[in-house]
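What follows is a set of notes on a single structure, which appears directly below.
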Amino acid sequence: MTTILIGIDDTDNETSIGTGRLARLLSEECEHRGMRPLGVTRHQFLVDPRIPFTSHNSGACIAVASDDGVESAAFAFEFIARRAAEGSDPGVCIAQAHAVAREVVEFGHRATDRIVTMDDAYRIAGFGQVRLRGLGGTDLGVIGALGSVGLRAGGNEGRFIDLPGLRELSSCVDPGDISRCGITLDYRGVRRDPASGDQCDTLGWVRPRLIGGHPVLPLEWSEQRHAWIPVDRKRGQSLG
C-alpha cells in the first residue's frame with residue numbers, strides 16, 4: 001500500500017470549525033472510500049504579527065494508506081474547497097510520503113521559525129511529486145499545506161490530534177490500551193520505573209508527539225494521581 005499525505009491550512013474563520021476538525025472529517029471520508037487512516041497531525045508554524053492567521057497559525061496533515069496511489073486522494077481538493085469557511089484562504093497539498101523531496105521537508109522546518117512566501121511554496125513544490133493548490137481567497141493556505149506535508153514527511157515535528165482509537169480512550173486506562181493505538185510510551189523521570197498494574201490517567205487529552213515518523217507519548221509519574229500522566233497537557237490544565 002502507498003502512504004499518502006494530505007496537508008491543509010487556512011480553512012477556517014473565527015466562527016467556523018477549525019482546520020484540525022476539518023482534517024479529521026477528511027480522514028473519515030478517506031476511510032469511507034477504502035483507505036486506511038494513519039493519523040492526523042497538527043503542525044505549528046511561526047506566530048508573527050506580519051503573518052495573517054485565524055488563531056495559532058497551525059496546519060494539519062492527514063496520512064492514509066491506499067492501494068490505488070495518490071489519485072485516490074485527489075478528491076480532497078474539492079472536499080476542502082466545498083467545506084472551507086467563508087473568508088478563508090484554503091490550500092491543499094497531496095503527495096506520496098516516499099516521494100516528498102528533501103526541499104519540501106526543509107521548507108516545512110523553515111516555516112516554523114521564519115516568514116516564507118507563497119512564491120517560495122510554489123517553487124519548492126516543483127522539486128518533487130507534490131500537488132499544491134490554492135482553493136480560494138488569497139490562497140495563502142498553500143504555505144501551511146506544503147509545510148504540513150514537509151513536517152509530516154520529516155517525521156519529527158508535530159503532534160497527533162487523531163489516530164484510530166485515540167479519542168475512545170477513557171480517562172483512566174491500562175498503558176497497554178494506549179499502546180494498542182500504535183502509540184509508543186516514553187516513560188520519563190527518575191522517581192519511579194513502570195511496574196505491573198500501573199495505570200495511566202490521560203487527563204482526557206492524549207496528543208502524542210511525532211517522533212521518528214511514529215506517535216510517541218511521553219509520560220511522567222504523578223504521586224498526586226498515583227498514575228502515569230502525559231507530559232504534554234492541555235494549556236492551563238490543572239492536576240487538581
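For segment 28-174, a simple Cβ point-charge model (Lys and Arg +1, Asp and Glu -1, everything else neutral) yields a dipole of about 240 debye relative to the Cα centre. Relative contact order of the chain, taken over Cα pairs closer than 8 Å and 6 or more residues apart, is 21 percent. Working from label points 7 Å from Cα in the Cα-to-Cβ sense, the Arg188 to Arg33 distance is 3.7 nm. Binning the alpha carbon pair distances of segment 1-121 at 10 angstrom intervals from zero yields the distribution 13, 45, 34, 8, 0, expressed in whole percent.
The sum of -39500 (n - 2.57) across all DSSP H runs of n ≥ 4, divided by the residue count of the chain, sets its helix-only mean residue ellipticity at 222 nm to -7000 deg cm²/dmol.
Name all residues of segment 26-43 having a backbone nitrogen under 14 Å from the label point set 7 Å from the Cα of Asn156 along its Cα→Cβ direction, giving them as ranges. Label zone hits: none. All Cα-Cα separations within segment 77-175 were binned at 10 Å from zero, giving a P(r) of 15, 40, 29, 12, 3, each value a whole percent of the pairs. Entry note: the chain has Rg to Rh equal to 1.00, where both radii use alpha-carbon atoms and Rh is the Kirkwood radius.
Between amide H atoms placed 1.01 Å from N, distances below 5 Å from Cys172 occur with Thr202, all of them 5 or more places distant or on a separate chain. For Gly137, the shell of other residues with beta-carbons less than 10 Å away shows a net charge of -4, using +1 for Lys and Arg and -1 for Asp and Glu. Short-range pairs are left out: with C-alpha atoms under 8 Å and at least six residues apart, the relative contact order of segment 165-230 is 35 percent. For segment 1-35, GluC sites (Glu not before Pro) are listed when DSSP marks them as loop and at most 10 other Cβ atoms sit within 10 Å of their Cβ; the list is Glu14.
The slack in the chain from Glu71 to Arg114, taken as 0.36 nm per residue of separation less the alpha-carbon distance, amounts to 12.2 nm. If I take R0 = 30 Å and measure r between the Cβ atoms of Asp232 and Met1 in this structure, what FRET efficiency does the formula 1/(1 + (r/R0)^6) give, to the nearest 0.05? For Asp232 and Met1, the calculated efficiency is 0.50. Using Cα centres only, tell me the gap between segment 65-110 and segment 118-165 in whole Å. Cα centres, segment 65-110 to segment 118-165: 6 Å. Would you mind checking segment 1-45 for residues with the amide N under 17 Å from a putative spin-label position 7 Å along Cα→C-beta of Trp205? Answer for segment 1-45: 18, 20-21, 42-44. Where the alpha-carbon atoms of segment 165-230 are placed on the principal axes, they occupy 30, 24, 19 Å, in descending order.
Taking 0.36 nm per residue of sequence separation and removing the Cα-Cα distance, the Glu168/Ser196 pair yields an extension gain of 7.8 nm. Across the options Thr19, Val70, Val206, the greatest Cα extent toward the positive end of the charge dipole of the chain (unit charges at beta carbon of Lys, Arg, Asp, Glu) belongs to Val206. Applying the criteria of a DSSP loop state and at most 16 other Cβ atoms within 10 Å to the trypsin sites (Lys or Arg not before Pro) of segment 110-183 yields Arg114, Arg180.
Picking from Val216, Ser171, Pro194, whose Cα lies most toward the positive end of the charge dipole for segment 165-230 (charges on Cβ: Lys, Arg +1; Asp, Glu -1)? After comparing all options, I get Val216.
Read-outs throughout are calculated quantities, based only on the coordinates presented, and are distinct from any laboratory measurement. Computed from a prediction, not measured in an experiment: that's the story for all the values here. Reconstructed Cβ throughout: ideal geometry from the backbone, glycine too, with neighbour counts over all protein chains shown.
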